[in-house]
Amino acid sequence: VQLQASGGGSVQAGGSLRLSCTASEDFSQNLMGWFRQAPGKTRELVATMGSDGNARYAESVKGRFTISRDHAKNSVYLQMNNLEPADTAVYYCNARRLVNIYWGQGTLVTVSS
């Protein structure tokens, strides 16, 4: 299984970015989402979405980030608005099937003040 993420980049505070992740297999019946890891910190959950469309967000991104999925494309997206310097991190997409967890390669998001 491969997860290909894209869409990272550098923006100023208050800007927006949209991350995309496409899986090489069908995860329409499974959980997909995004995690991030800032320098010197542990990887943390950003947002996940189940097959039923139920979304879960970290408190720090609620109201600013929106996760969505396109089952036909085996894809998950993360729309990030009103970005803050604290959002600077490598963002990883994630997919889960039973006991297996799959990770994308990570895409860097840098937010300058």
Subject >> Flag for S24 being open to solvent by 70 Å² or more (accessible area, probe 1.4 Å) and among the hydroxyl-bearing types (S, T, Y) >> reply: yes
Original post:
Which of the residues spanning the range 27-48 are farther than 20 Å from T110 by Cα, open to solvent by 30 Å² or more (accessible area, probe 1.4 Å) and assigned to a loop (DSSP other than H, G, I, E, B)?
Top reply: Q29, N30
Subject >> Those residues of the range 73-99 which are closer than 25 Å to D26 by Cα, free of Cβ contacts under 8 Å to residues at least 60 places away in the same chain and over 13 Å from the mean Cα position of the chain (by Cα), in sequence order >> reply: K73, N74, L98, V99
**OP:** Quick one: count up the residues across the range 59-78 that are in a strand (DSSP E or B) and open to solvent by less than 60 Å² (accessible area, probe 1.4 Å).
**Re:** 9
Subject >> Selection count, the range 1-12, where residues are surrounded by 14 or more Cβ atoms within 10 Å (Cβ to Cβ) and in a loop (DSSP other than H, G, I, E, B) >> reply: 2
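The values are calculated or read from the model by the stated rules, or taken from the named source; none is laboratory data. Quick caveat: nothing in here was measured; it's all calculated off a predicted structure. Positions of Cβ are generated from backbone atoms using ideal geometry, with glycine treated the same way; all protein chains shown enter the neighbour counts. Protein only, heavy atoms only, side chains kept; ligands, DNA and RNA dropped before computing areas. Shrake-Rupley method; radii C 1.70, N 1.55, O 1.52, S 1.80 Å.
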